[in-house]
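First the structure, in the form of C-alpha cells, and then the observations on it.
The values are calculated or read from the model by the stated rules, or taken from the named source; none is laboratory data. Here the structure is a predicted model, which is why all the values come from computation and not from measurement. Please note: Cβ atoms are built from the backbone with ideal geometry, for glycine as well, and neighbour counts cover all protein chains shown. SASA here: full protein model, heavy atoms, side chains in, ligands and nucleic acids out. Shrake-Rupley method; radii C 1.70, N 1.55, O 1.52, S 1.80 Å.
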There are 2 protein chains.
Amino acid sequence: MSTAATKSAPIDFYFDFISPFGYFASLRIDALAARHGREVEWHSMLLGVSVLKVMGSKPLLSVPLKGDYLRRDVARYKRRHGLVLARKSDDPMMDSRWCGRAFHWVKAHLPGREKALARALYHAYWVEGRDLGTPQAAAAAAAAAGFDAALLEEEIRSDDTGRLLRSAVEESMKRGVFGSPTFVVDGELFWGVDTLPTVEDWLTRGGW
Amino acid sequence: MSTAATKSAPIDFYFDFISPFGYFASLRIDALAARHGREVEWHSMLLGVSVLKVMGSKPLLSVPLKGDYLRRDVARYKRRHGLVLARKSDDPMMDSRWCGRAFHWVKAHLPGREKALARALYHAYWVEGRDLGTPQAAAAAAAAAGFDAALLEEEIRSDDTGRLLRSAVEESMKRGVFGSPTFVVDGELFWGVDTLPTVEDWLTRGGW
C-alpha cells in the first residue's frame, strides 16, 4: 500500500526527556528502523503541554490505579531489558523545557548532532539520575557528548530558542502526537514503547 | 522466578464489553495462553466506574488528540487482523452494565459457560453492531449461544445480580485494573492489546 518513495521515508520519533518509556524507546528505535532500511528523525516534545494543557489530564503517575501500574511497568521493563537506572519513578520530575530547548537548538544549528545530544541528556537524567531542570545543568550534561556547555547554556536561555521549542511542540500536536514515545511511520502514529513490535510488523509487511 | 505451581496458574483477563481492544483481545488470549499450557479466567469490568469515577478521566474517545489516535488505532488493528465490524468507533456507546450483569450471573450460576456468553455478546455488539444497552437486548443476544433469554433477562434485572457485578468491578480495581483489556499473569498486570507480545515473552521465559 505504500510506494517505494514512501517506504524509504524516515520514521519520526517523538519523546519527552522526562518520559521513561521515551528513554527506553530511544535505545531501540534506530536499530529497529535500520533493520528495515529506514532512518529516524528525532523530535523532543513536552508532555506538560500536550497532556496537561490540551488533553486536560493529570500527570500520569498521579492518576489513581494508572500511576501504580506505570511504576510497576517501568520496573518490569528495566528487569526485562537489563537496565540499571539511578533515577526512580518517584524521584521528583525535572522541568524538561531546558533539555527540549537544547535539543531543538542543536537540531537547528548543528544538524546531525541532535541524537548525540539527546542520548547524553537521557543518560544523565535516567542512568545517572542527575536533575537537568536548569539551563546550567542541561548544558553541563551536554558536555559529555562534546558540546560547548557555556555556549549551549547561553543559547538555550535565549527567546529565539524558546520559540524554536514552542513551535516544535505545536507542530507535534498538529500531527496528533500526545504521548511519549510516539512513532510516525508512513503517516501512521504508534504510541507507546509497547507498539514497537507493531511498528516492526508494519515495516516488515510494508503496511497493512 | 516462578514456581511450577505459579506457572500453571490461570491468566486473568479483564475487559469491558464497550472496549474495542477488549474485544480484540478476547479473540486472541485463550490461544496465546494455550500455547504455554495456561488457562484463562475471564472477568468483565466497567470502564465507566474505573476510568471515569476513580481515575477522574474523561471517556477516552472524547479526549483531545488521544481520541483521534484511538479511532485510527482501531481502524488499523481491524485492517491488520482482517476484522470486519458493523460497529464504528463513533457509534453511540451502549451502557455495558447489562452485559456485565449477564456475564457475572452466568459465571456464578452456569460456571464454564461465561466465555461462550461473552463471545456471543461481543459478536453481537461489535460484529453485528447491535445495541445491547438494555436487559432485553443483552438477553436476546445471549440466545445465539444457547442461553434462555427470558430467564436471563429476569436474572440480570435482579438486585442480586447487580451486586454480583458491583463486587466484581470493585475486586478488579482492588487488583489495580483500570483499563480494558488487562491481563494478570503471575501477579503482574499487563494493560492493552499491544502488550500481548510482552505477555507471550513473559510466558516463554517464565518471567524476567
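Those residues that are surrounded by 15 or more Cβ atoms within 10 Å (Cβ to Cβ), outside any helix (DSSP H, G or I) and of a type in the set (Gly, Ala, Ser), I need them from segment A:116-165; list them, please.
A:GLY133, A:ALA144, A:ALA145 - these are the residues of segment A:116-165 that are surrounded by 15 or more Cβ atoms within 10 Å (Cβ to Cβ), outside any helix (DSSP H, G or I) and of a type in the set (Gly, Ala, Ser).
Name the residues in segment B:156-185 that are of a type in the set (Lys, Arg) and out of contact with any Pro (no Cβ under 8 Å at 6 or more places or on another chain), would you?
Across segment B:156-185, the qualifying residues are B:ARG163, B:ARG166, B:LYS174, B:ARG175.
For residues that are among the hydroxyl-bearing types (Ser, Thr, Tyr) and either closer than 13 Å to B:VAL185 by Cβ or modelled with pLDDT under 95 (or both), tally how many sit in segment B:20-49.
0
Please find, among B:ARG80, B:ARG72, B:ARG87, the residue that is farther than 24 Å from B:MET173 by Cα, within 13 Å of chain A (Cβ to nearest Cβ) and either touching a Phe, Trp or Tyr at 6+ places or on another chain (Cβ under 6 Å) or open to solvent by less than 60 Å² (accessible area, probe 1.4 Å) (or both).
From the options B:ARG80, B:ARG72, B:ARG87, the qualifying one is B:ARG80.
Could you list, in sequence order, all residues of segment A:160-188 that are within 12 Å of chain B (Cβ to nearest Cβ) and farther than 16 Å from A:LEU32 by Cβ?
Of everything in segment A:160-188, those that are within 12 Å of chain B (Cβ to nearest Cβ) and farther than 16 Å from A:LEU32 by Cβ turn out to be A:SER172, A:MET173, A:LYS174, A:ARG175, A:GLY176, A:VAL177, A:PHE178, A:GLY179, A:GLY187.
Do you know which residues across segment A:100-115 are of a type in the set (D, E, K, R) and surrounded by 16 or more Cβ atoms within 10 Å (Cβ to Cβ)?
Scanning segment A:100-115 gives A:ARG101, A:LYS107, A:GLU114, A:LYS115.
Can you find a residue in segment A:129-139 that is under 30 Å from B:THR198 (Cβ atoms) and under 13 Å from the mean Cα position of the chain (by Cα)?
no
Within segment B:8-16, is even one residue within 20 Å of A:PRO64 (Cα to Cα), touching a helix residue (DSSP H, G or I) at 6+ places or on another chain (Cβ under 7 Å) and open to solvent by 20 Å² or more (accessible area, probe 1.4 Å)?
no
Tell me which residues, restricted to segment A:88-102, are among the basic types (Lys, Arg) and part of a loop (DSSP other than H, G, I, E, B).
Correct list: A:LYS88 only.
A:PHE190 is checked against (1) open to solvent by 10 Å² or more (accessible area, probe 1.4 Å); (2) touching a strand residue (DSSP E or B) at 6+ places or on another chain (Cβ under 6 Å); (3) of a type in the set (A, V, I, L, M, F, W, C) and fails just one. What number does that condition carry?
(1)
Of everything in segment B:194-208, what is open to solvent by 10 Å² or more (accessible area, probe 1.4 Å) and under 17 Å from the mean Cα position of the chain (by Cα)? Give them in sequence order.
Hit for segment B:194-208 is B:ASP194, nothing else.
Limited to segment B:49-69, what total is found for residues that are in contact (Cβ under 8 Å) with a residue 40 or more places away in the chain and crowded, with 16+ Cβ neighbours inside 10 Å?
Of the residues in segment B:49-69, 4 are in contact (Cβ under 8 Å) with a residue 40 or more places away in the chain and crowded, with 16+ Cβ neighbours inside 10 Å.
Looking only at segment A:189-208, how many residues end up being in a helix (DSSP H, G or I), more than 8 Å from chain B (Cβ to nearest Cβ) and not acidic (Asp, Glu)?
Final tally of qualifying residues: 7.
Scan segment A:103-115 residue by residue and report those that are more than 16 Å from A:GLY22 (Cα to Cα) and in a helix (DSSP H, G or I).
Within segment A:103-115, A:HIS104, A:TRP105, A:VAL106, A:LYS107, A:ALA108, A:HIS109 qualify.
Spot the failing condition for A:ARG119; the list is (1) within 14 Å of another protein chain (Cβ to nearest Cβ); (2) under 25 Å from A:VAL51 (Cα atoms), and only one is missed.
Checking A:ARG119 against (1) within 14 Å of another protein chain (Cβ to nearest Cβ); (2) under 25 Å from A:VAL51 (Cα atoms), the one that fails is (1).
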